[in-house]
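The values are calculated or read from the model by the stated rules, or taken from the named source; none is laboratory data. Predicted model, so just to flag it, every value in this text is computed and none were measured. Neighbour counts are summed over all protein chains in view; Cβ atoms, including those assigned to glycine, are modelled from backbone coordinates with ideal geometry.
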Amino acid sequence: MKHRLNKAVALAAAGALAMTAVPLLAGTVSGASSKPTYTIGVQGPFTGSDADYGNYDYAGVQYAVSLANASGKYGFHLKVEKFDDQGSSTVAPGAAQKAVGTKNLVAVVGPAFSGPSEVSYKYYHAAHIAEVSPSATAVALASGSDSSFLRTVADDSVQGGADASYLVTTKGEKNITVIGDESFYGAGLADAVATDAKALGATVTTQQIANFNEGGGGNAGAYSTLATSLAQAKPAAIFYGGYASEFGLLIGDLTADGYTTATHVIMSGDGSNDASLMTSTSPATAANGAFVSQSATGKVSYFTGKMATAFTKLTHTKASIAIYAAQSYDAANAIIKALVADKKTSSIKTLRKETVTSLHKVSFAGVTGPIAFQADGNLKVDKGAVQISEVDNGVITLVTSVG
Amino acid sequence: MGFAHFWLSGFDQIRAGFWAYFAVGLQNGALYAMIAVGYTLVYGVLGLINFAHGEVFMCGGFAGVLLTHAILGQGVANGWESVGLVLAGIVFAGLISALVATGVEQVAYRPLRRRHAPKLAYLISAIGASYFLQTIAGKEFGYGQTTFPAEVFPAGQTMFYIGNTPIHTIEVICVVVGTIMFLAADRIVRSTRLGRGIRAVAQDAETSALMGVNIDRTITLTFIIGGSLAGAAGFLYALQNGIVQNSGTALGIYAFTAAVLGGIGNLRGAALGGMLIGLFGSFSVPFAFEGNISWTEIYTFIILVLVLIVRPTGILGEKSGRTA
């Protein structure tokens with residue numbers, strides 16, 4: 001169905017392109033009498049075990065774009081294109097280069113993950129293409145001024161602080177082992193949790209174990225030896241900074257060694273906040289009782305009422321589970337508002353540049369909250385509450401908000 | 001003070017959890033040993049390191065997981081059903097990996113052997129074959145994406161206890177299967193006509209050809225034996241960890257190290273090396289500085305270097321030509 005829809009959009013786009021063929025050949029993207037078609041790319045995992053994230057991001061962008069096109073009030077037509085990085089830092093450069101080489105691509109929503117964002121940045125930045133990520137939360141991604149990387153989600157310093165506060169203050173755990181997966185995102189979040197938990201008075205032991213799903217050179221067998229060691233050391237709580245696939249494997253290994261969610265707090269961040277956590281955990285029931293957080297402005301349930309119905313009807317995706325779809329929707333709308341502000345009489349190269357500049361000036365009430373960016377690309381208002389969820393009978397269920 | 005405390009607390013952890021570390025170490029060691037047999041056999045007959053062997057292991061993992069998923073779906077087996085599925089997985093994974101290993105030999109090595117290419121050409125060819133297999137698996141199953149474990153028995157199932165330490169079914173299966181398959185390979189090489197052929201080719205290929213040994217056939221059979229052990233190891237590994245397109249890289253390095261530690265070319269050395277590296281890797285986890293598990297690899301390689309300084313041909317000695 002989606003495929004058919006894409007075909008229809010592609011046909012419409014082809015028609016629009018045909019009508020603007022002469023000005024395009026002349027190096028411009030604007031026709032005097034017809035609307036030009038611009039492409040918004042979506043970079044994220046569309047295949048593999050993390051494909052949910054990419055598909056939800058795409059659904060959010062698709063929703064925003066369909067509303068914009070249907071409104072008829074803009075001087076351009078939009079289409080959406082997927083760029084699959086499989087959530088892997090190894091694959092991401094290829095996806096980014098493909099996006100950069102895509103004709104009439106003006107900006108990208110994504111990448112979904114922090115590792116791929118880190119390695120993709122140089123390609124987009126060199127081509128002056130704005131990336132507006134709905135979910136890449138690593139602190140180090142946003143830096144410098146007039147960055148072409150922006151995000152509609154708070155960074156890990158906010159999430160890490162809230163996670164530490166939940167473990168130490170709410171749960172009262174004073175002896176915590178914090179594990180980083182050596183990925184750009186996971187190690188950063190683990191550092192933030194460790195630092196903040198120490199500041200709150202907890203005794204923190206840190207561990208690092210290389211991931212093997214996000215381009216890391218890790219060995220899955222090492223997770224069982226780490227689990228054995230943790231089960232011996234018996235910290236009161238374990239925090240894992242990393243992704244669902246490895247977190248699930250670790251929970252399975254820990255459970256086999258007698259360290260379970262029934263007796264201890266086992267927690268991870270938004271990288272593990274996905275239904276694939278249950279399929280990665282063997283047996284799946286061992287994941288029950290594990291906690292996962294969701295960064296500030298990162299909650300799922302922003303689409304409500306008529307919006308949720310319209311979203312589901314258009315994208316065939318349940319609004320209640322489509323994590324980061326609302327953040328993607330806001331990211332796409334930020335790009336659309338930037339395009340409106342652009343001059344649009346210039347070449348695609350200049351239009352991309354203008355979009356980066358315009359994005360830094362947008363300010364509107366997004367569905368997730370106020371959307372306006374700092375010079376480094378972070379949200380101006382990013383102090384929303386971090387949501388802590390627990391796996392309850394195989395379903396990730398909201399427990400509380402911190403902050 | 002801090003340094004002494006670090007080491008003492010490491011020993012405390014080992015004292016408290018000796019059997020748990022021992023069981024995991026034996027399990028990993030059995031897997032390393034099964035893969036190491038392939039490295040050592042091929043080195044014995046061809047005098048080269050088959051760097052695509054890690055990918056032969058990986059192919060076995062995918063084959064076993066796909067077969068058991070096809071039979072079992074999302075369910076979890078129990079009792080005799082589990083036994084049947086484990087056996088089916090081992091046989092199927094062994095077969096597929098043997099096929100892949102033979103394919104690598106036919107495509108990557110045989111043409112070079114016919115043209116008496118220098119050893120360096122084999123090395124490049126092996127690296128090429130390794131990348132090829134990884135890329136094919138990545139294209140088919142996703143790059144760096146786990147194909148989830150085959151639940152042919154309840155994950156984390158405890159078979160028995162030593163004191164308070166649970167010994168898991170997966171650990172017992174790995175050690176038992178590894179031991180049986182190793183003994184079978186050892187028997188074949190030591191006591192059969194084929195084994196004599198392998199040993200003869202390893203000693204002097206030209207002379208053994210003059211004596212009527214079919215070199216091509218012997219080499220193919222060597223790859224089949226090594227491949228089937230690696231494939232079975234791949235399936236056993238995937239039972240617990242799932243499998244990724246690059247799983248063979250890390251495991252392959254460990255297994256190759258095991259073969260060198262035991263004495264490359266020496267079948268029993270491969271088994272001994274595998275077990276030692278497995279156990280050492282497990283027992284060194286409590287001594288990982290700053291909790292970084294990568295330190296266990298550094299410790300392992302320090303031990304390897306120390307052993308090689310004392311015994312440059314490995315613990316049991318290189319026995320190229322007198323395999324086993």
message: Could you go through segment A:148-156 and let me know if any residue there is surrounded by 24 or more Cβ atoms within 10 Å (Cβ to Cβ), among the charged types (D, E, K, R) and modelled with pLDDT under 90.
response: yes
query: Of all residues in segment B:299-314, which are touching a helix residue (DSSP H, G or I) at 6+ places or on another chain (Cβ under 9 Å) and not polar (S, T, N, Q)?
result: B:Y299, B:F301, B:I303, B:L304, B:V307, B:L308, B:G314
task: Could you please let me know if A:A194 is modelled with pLDDT under 90, among the aliphatic types (A, V, I, L, M) and part of a helix (DSSP H, G or I)?
output: no
- request: State all residues of segment A:91-102 that are more than 14 Å from every other protein chain (Cβ to nearest Cβ) and out of contact with any strand residue (DSSP E or B) (no Cβ under 7 Å at 6 or more places or on another chain); if no residue qualifies, say none.
  value: A:Q97, A:V100, A:G101
Yes/no for A:A310 being crowded, with 20+ Cβ neighbours inside 10 Å and assigned to a helix (DSSP H, G or I): no
- request: Kindly indicate the residue of segment B:119-164 that is touching a strand residue (DSSP E or B) at 6+ places or on another chain (Cβ under 6 Å) and touching a residue at least 24 places away in the same chain (Cβ under 8 Å) and also farthest from B:F22 (Cα to Cα) among those meeting that condition.
  value: B:F141
Residue list for segment A:232-255, filter: part of a helix (DSSP H, G or I) and either facing chain B (nearest Cβ under 7 Å) or surrounded by fewer than 23 Cβ atoms within 10 Å (Cβ to Cβ) (or both): A:Q232, A:A233, A:S245, A:L249, A:G252, A:T255
- prompt: Looking only at residues in segment B:212-252 that are facing chain A (nearest Cβ under 10 Å) and hydroxyl-bearing (S, T, Y), which one is surrounded by the fewest Cβ atoms within 10 Å (Cβ to Cβ)?
  reply: B:T249
message: Quick check on my filter: what residues within segment A:76-90 are within 14 Å of chain B (Cβ to nearest Cβ) and assigned to a loop (DSSP other than H, G, I, E, B)?
response: A:D85, A:Q86, A:G87, A:S88, A:S89, A:T90
- prompt: Within segment B:196-211, can you find the residues that are buried (at least 21 other Cβ atoms within 10 Å of the Cβ) and either aliphatic (A, V, I, L, M) or in contact (Cβ under 8 Å) with a residue 60 or more places away in the chain (or both)?
  reply: B:I198, B:R199, B:V201, B:A202
message: Restricting to segment B:284-304, count the residues that are within 9 Å of another protein chain (Cβ to nearest Cβ) and among the β-branched types (V, I, T).
response: 3
message: Tell me yes or no: at least one residue of segment A:172-185 is assigned to a loop (DSSP other than H, G, I, E, B), of a type in the set (D, E), surrounded by fewer than 24 Cβ atoms within 10 Å (Cβ to Cβ) and at the interface with chain B (Cβ under 9 Å from one of its Cβ atoms).
response: yes
query: Looking at segment B:32-43, is at least one residue assigned to a helix (DSSP H, G or I), within 13 Å of chain A (Cβ to nearest Cβ) and under 24 Å from B:G291 (Cβ atoms)?
result: yes
field: Residue match in segment B:165-185 (condition: free of Cβ contacts under 8 Å to residues at least 60 places away in the same chain, in contact with a His (Cβ under 9 Å, 6 or more places away or on another chain) and within 13 Å of another protein chain (Cβ to nearest Cβ))
entry: no
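Just a yes or no: is a residue in segment B:262-283 more than 19 Å from the chain's Cα centre (by Cα) and within 10 Å of chain A (Cβ to nearest Cβ)?
To start, the set of residues in segment B:262-283 that are more than 19 Å from the chain's Cα centre (by Cα) comprises B:283.
Among the residues that remain, those that are also within 10 Å of chain A (Cβ to nearest Cβ) are: B:283.
Yes; the residues of segment B:262-283 include at least one that is more than 19 Å from the chain's Cα centre (by Cα) and within 10 Å of chain A (Cβ to nearest Cβ).
Among the residues of segment A:197-215, write down those that are in a loop (DSSP other than H, G, I, E, B) and more than 18 Å from the chain's Cα centre (by Cα). Before you say what the answer is, go through the steps one by one.
Start the filter on segment A:197-215 by keeping residues that are in a loop (DSSP other than H, G, I, E, B), which leaves A:200-202, A:209-215.
Answer for segment A:197-215, where residues must be in a loop (DSSP other than H, G, I, E, B) and more than 18 Å from the chain's Cα centre (by Cα): A:L200, A:G201, A:A202, A:I209, A:A210, A:N211, A:F212.
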field: Subset of segment A:114-169 (residues that are assigned to a helix (DSSP H, G or I) and of a type in the set (V, I, T))
entry: A:V119, A:V139, A:V158, A:V168, A:T169
- request: Return a yes/no flag: does segment A:157-164 have any residue that is free of Cβ contacts under 8 Å to residues at least 40 places away in the same chain and acidic (D, E).
  value: no
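Taking the criterion of being charged (D, E, K, R) and either within 14 Å of another protein chain (Cβ to nearest Cβ) or within 25 Å of A:A107 (Cα to Cα) (or both), would at least one residue in segment A:291-314 satisfy it? Let's see the steps before the verdict.
Keep residues of segment A:291-314 that are charged (D, E, K, R), which gives A:299, A:306, A:313.
Okay, now just the ones that are also either within 14 Å of another protein chain (Cβ to nearest Cβ) or within 25 Å of A:A107 (Cα to Cα) (or both), so A:299.
Scanning segment A:291-314, I find at least one residue that is charged (D, E, K, R) and either within 14 Å of another protein chain (Cβ to nearest Cβ) or within 25 Å of A:A107 (Cα to Cα) (or both), so the answer is yes.
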